[in-house]
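Written below as structure tokens is the structure these notes are about.
Throughout, read-outs are computed from the coordinates displayed, never taken from laboratory work. Every value quoted in this text rests on a predicted model; they were computed, and no experiment measured them. A quick note on method: Cβ atoms are made from the backbone with ideal geometry, for glycine too, and the neighbour counts reach across all protein chains shown.
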Amino acid sequence: MITATHYLVLSLVMFSLGLIGVMVRRNFITVLMSLELIFNAVNLNLIAFSFRLGDLSGQILAIFVITVAAAEAAIGLGLIIALTRLKDTVILDDASEMRS
Amino acid sequence: MDFLISNFAEILFYVLAGLTVLGSVGVITLKNPVHAALSLLGTFFIVAVLFVLQHAEFLAAVQVMVYAGGIMVLFLFVIMLVSVRGLKTQAAFLSPLIPVAVIGAILVGALIASAVLLGVFASGVGSAEALQTVDGVTLGNTEAVGMVLYTKYLVPFEVVSVVLLVAMIGAIVFGRKDRFIEEHEGEVGS
């Protein structure tokens with residue numbers, strides 16, 4: 001039988017992989033993609049609990065999470081465009097102007 | 001064959017979970033951003049199937065339309081726009097942080113092992129009925145989500161539209177050709 005814990009463990013693995021991606025990748029675009037993985041893991045968690053509790057609030061919250069993820073993607077990709085225009089790079093290490 | 005039929009839900013879940021993890025690993029390990037984006041696209045589709053298994057049909061459709069249709073197109077568009085010239089593949093990973101990631105992975109593994117060994121698998125199977133009922137009448141998941149979203153969560157719904165508006169304005173401001181940068185061309189990067 002598939003229980004909520006199965007989905008929670010899958011969500012945990014997905015979240016951790018996204019977190020590792022955010023930490024070790026240097027490419028700004030890939031970091032943003034890892035962030036999307038994290039958002040998806042959270043959604044999976046919310047949906048699993050929504051089904052188990054028979055409560056639609058989890059699904060509504062997942063809709064809001066998707067909205068925020070879309071906003072984050074738009075802002076992040078705008079930042080990539082600005083960074084590329086300014087320094088002709090998407091490698092995060094190259095953007096170190098604020099390091100004294 | 002009987003084993004397959006009687007354990008269909010379990011087999012389906014484990015196959016989908018394996019594909020999800022595989023796609024996630026692909027996103028963080030593939031060096032070419034286009035390959036990583038396609039891996040992420042596959043992951044989104046499989047997560048949508050997992051949503052259907054949890055009786056969140058409306059969210060599965062939203063997942064495919066917004067993530068696979070909208071956000072991924074945006075990602076691929078930006079990857080094409082900034083061109084592969086700037087994407088130096090030899091600098092894909094931040095090597096000093098790999099030990100940190102390994103330690104984190106071990107901790108996550110310990111967390112999963114404790115969940116399995118301590119037998120804290122939450123029992124109880126939810127009912128799809130509650131997710132499809134509007135005022136006591138069983139209609140469908142989309143109707144039920146719409147009913148709750150536009151009554152109980154109306155104010156958060158309106159607030160989140162402001163979030164989208166701010167993000168839209170922010171993206172326009174970031175993407176605009178800045179007059180300051182044009183005037184100081186060459187000074188910033190040197």
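Here are a few things to note about the model shown:
- DSSP-loop trypsin sites (Lys or Arg not before Pro) across chain A, with at most 11 other Cβ within 10 angstrom: A:ARG99
- Gap separating the Cα centres of the range A:1-74 and the range B:1-34, nearest whole Å: 16 Å
- Segment B:ILE106..B:TYR14, full-extension length gain: 31.0 nm, with 0.36 nm per residue of separation and the alpha-carbon distance subtracted.
- Label-point separation, A:LYS87 to B:LEU81 (7 Å along Cα→Cβ), nm: 1.9 nm
- Neighbour net charge for A:GLY21 - beta-carbon separation under 13 angstrom, K R +1, D E -1: +2
- Taking only alpha carbon atoms, the protein assembly as shown gives an Rg to Rh ratio of 1.02, where Rh is the Kirkwood radius.
- Taken one residue at a time, the phi angles of the range B:162-169 give Karplus couplings (6.51, -1.76, 1.60, θ = phi - 60°) of 5, 4, 5, 5, 4, 5, 5, 4 Hz. Gly and Pro are set to x.
- Shape of chain A from the C-alpha gyration tensor: prolate (a/c of 1.5 or more and a/b above b/c, with a ≥ b ≥ c the square roots of its eigenvalues).
- Here the 3J(HN,Hα) profile of the range A:68-77, calculated from phi with Karplus coefficients 6.51, -1.76 and 1.60 at θ = phi - 60°, is 5, 5, 5, 4, 5, 5, 4, 5, x, 5 Hz, Gly and Pro shown as x.
- Residues in the range A:1-24 that a label on B:SER6 would reach, taking backbone N under 18 Å of a point 7 Å out along Cα→Cβ: A:1-2
- Cα gyration tensor shape of the range B:17-67, rounded if a/c is under 1.5, else prolate or oblate by comparing a/b with b/c: oblate
- Normalised by the number of residues in the range A:14-72, the mean separation of alpha-carbon contacts (under 8 Å, six or more apart) gives a relative contact order of 29 percent.
- 3J(HN,Hα) along the range B:101-113: 5, 5, 4, x, 5, 5, 4, 4, x, 4, 4, 5, 4 Hz, from the Karplus curve 6.51 cos²θ - 1.76 cosθ + 1.60 with θ = phi - 60°, whole Hz, x for Gly and Pro.
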